[in-house]
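For reference, the structure is listed below as structure tokens.
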Amino acid sequence: MGSDYVLFNLSIDDVHPESSGYLSDCGGDKEAGKLRYIIDLINDYPDLKVTLFVTPNWIDRPNDAGAKRLIKKVLKLPITNTWSDSPFRLDKHVEWCSWLNDYVDRGVFEVGVHGFTHHYSGSDVRVNHSSEFSGLSCSGCMSRLMSSEAVFKRANLRFSKVFRPPGWGASYELLEALKKLGYVMSCRSLSLIPEVVHEVINIPPNWNIGRDTIEKGIKLAGRYGVITAYGHVTDSYGSEYLEDGLNEVNLLRLRVLLNELASRFRVLYVTLSEVAQIALGRIEYVE
């Protein structure tokens with residue numbers, strides 16, 4: 001690939017069928033909600049490919065805060081919370097999955113796997129409530145991954161074997177499980193370009209839609225030839241604020257970057273699966 005080419009992918013975390021009738025719209029409102037920002041972006045950049053990291057059975061809720069948190073700590077009660085009865089399990093939202101599949105079939109969306117429940121169920125209070133795979137054995141990680149796949153298949157939502165760990169928790173045991181099940185990983189790393197970690201390809205996200213500057217994006221493009229932009233589907237979840245959620249400000253920053261890249265480079269829009277295949281030499285892009 002020539003040095004004037006730049007691979008570009010946008011990935012969005014925490015996508016699941018929760019609508020604004022609950023804590024926040026996390027994709028459940030479809031084109032009337034947060035995902036309209038992505039759909040509008042695709043209308044303006046029709047070759048753009050977006051990887052949506054979907055959690056198939058999201059049960060995570062924000063930790064208790066303030067006085068309630070203090071009281072629970074005194075009583076030695078857990079401060080983490082979950083939704084009961086799995087209200088956002090994909091096979092309970094088949095129509096939503098069908099809507100998403102329309103975009104997958106058009107080659108616009110790629111659906112990646114973002115855990116099973118997005119909730120840490122262990123007893124270590126030091127662990128982030130979303131670090132689902134923390135402390136699990138390899139077999140425990142494999143069990144959760146296979147449970148995720150089973151829900152995707154029951155819901156008939158087409159997905160790629162690209163995995164982003166909730167809470168960015170990537171243990172050796174998880175890597176072993178991903179290797180055995182044939183997954184590619186996309187986790188934050190000291191590396192800014194695709195790498196191999198314990199025999200698993202990792203495609204680290206390297207440009208955050210809420211925090212990083214346009215100048216950083218241009219430098220990444222010129223130095224490495226790949227930009228893996230990333231953010232979250234919502235900018236608030238209960239008491240939690242996410243600075244890289246989908247909103248007008250962050251999408252404007254993203255548009256400025258895309259326009260700057262187009263004026264300086266030949267931009268090739270790819271899925272994360274395609275980035276992995278390129279890294280392995282299976283795909284060669286030509287003009």
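Quick look at the values:
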| read-out | value |
| --- | --- |
| Order by protection proxy (mean Cβ within 10 Å, highest first), peptides 43-56, 207-220 | 43-56, 207-220 |
| Cα-projected label distance for Glu95 with Tyr22, points at 7 Å along beta-carbon direction, nm | 1.7 nm |
| Extension gain, Arg211 back to Lys180 (0.36 nm per residue minus Cα-Cα distance, nm) | 7.7 nm |
| Label point distance in nm, Tyr224-Tyr172, each placed 7 Å from Cα along Cα→Cβ | 2.6 nm |
| As computed over region 5-279, the Cα convex hull volume per residue (Å³) | 128 Å³ |
| Extension gain (nm, one decimal) between Asn43 and Asp105, 0.36 nm per residue minus Cα-Cα | 20.7 nm |
| Mean separation of Cα contacts under 8 Å (6+ apart) over length of the chain, as relative contact order % | 24 percent |
| Neighbour-count ranking [beta-carbon atoms within 10 angstrom, fewest first] of Phe159, Phe88 | Phe159, Phe88 |
| Pairs from Lys49/Lys216; Lys92/Lys153; Lys30/Lys92; Lys34/Lys216; Lys49/Lys180; Lys153/Lys179 whose Cα-Cα separation, in the structure shown, is over 24 Å | Lys34/Lys216; Lys49/Lys180 |
| Under 13 Å, Cβ to Cβ, from Arg164 - net charge with Lys/Arg +1 and Asp/Glu -1 | -2 |
| Inter-probe distance in nm under a simple model that places probes 7 Å from Cα toward Cβ, at Glu31 and Arg158 | 1.9 nm |
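We did not get these values from a lab; they are worked out from the coordinates using the rules stated. Quick caveat: nothing in here was measured; it's all calculated off a predicted structure. Ideal geometry is used to build each Cβ from the backbone, glycine not excepted, and the neighbour counts take in all protein chains shown.
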